Amino acid sequence: MDWNVLDSISQVDTLIEKSKSNKIVIFKNSTTCGISRMVLKNFQREVDSMDTNDIEFYLLDLLSYRSVSSYIAEKLDVRHESPQMIVIQDGKVIHHDSHSRITASSAL
């Protein structure tokens, strides 16, 4: 699976606008958390077995870009959690989950 890196606040606004033509999935990952690592690995494995051509996937490293995560929470009105998956379509959040509730099938 190929991830796009999410590393700036301005990029969040661009992704919200971009979601009007493509579904956007943001995965917020804590690189030092074993649970986050396991959930990310399972998510990637599931995505690899699916047709996801119309979805763009973005990975946010929470430790390096906490301010971006905070902006996402404020801008999209979704409480910060880690790990967390947020699906954006038509400029708004259509789904979000955290921890073991994160599945690639819920992103479709």
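Bear in mind these aren't lab numbers, they're just calculated from the coordinates by the rules spelled out. Everything numeric here is computed off the predicted structure, so don't read it as measured data. Heads up, the Cβs are rebuilt from the backbone with ideal geometry, glycines too, and the neighbour counts pull from every protein chain shown.
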The Cα extents of region 27-70 along the principal axes, largest first and rounded to whole Å, are 32, 22, 11
Candidates Ser19, Ser67, Ser30; GNM for the chain (alpha-carbon contacts under 10 Å) flags as most fluctuating Ser67
Result row for the chain, helices from DSSP H with C-alpha axial extent 20 Å or more and mean Kyte hydropathy at least -0.5, is 34-48
The answer for Tyr58, listing residues at least 5 apart or on another chain whose modeled amide H is closer than 5 Å to its amide H, is Asn4, Val25, Ile26, Phe27
One finds, for Asp51 and Glu74 with R0 = 41 angstrom and r their Cβ-Cβ distance, a FRET efficiency to the nearest 0.05 of 0.80
For region 4-107, the Cα-Cα pair-distance distribution in 5 Å bins from 0, as whole percents, is 2, 14, 26, 28, 20, 9, 1
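On full extension of the chain, what length is gained from Asn22 through Ser8, given 0.36 nm per residue of separation minus the C-alpha to C-alpha distance?
Numbers: separation 14, 0.36 × 14 = 5.04 nm, distance 1.95 nm.
3.1 nm is the gain from fully extending Asn22 to Ser8.
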In the neighbourhood of Arg79 defined by beta carbon distances under 14 Å, the net charge of the other residues (Lys, Arg +1; Asp, Glu -1) is -1
In whole percents, the bins of 10 Å from zero upward hold the Cα-Cα pairs of region 1-62 as 21, 50, 28, 1
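State the extension gain, in nm to one decimal, for the chain segment bounded by Met1 and Lys41, taking 0.36 nm per residue of separation less the distance between their alpha-carbons.
Values: separation 40, 0.36 × 40 = 14.40 nm, distance 1.04 nm.
In short, 13.4 nm is gained.
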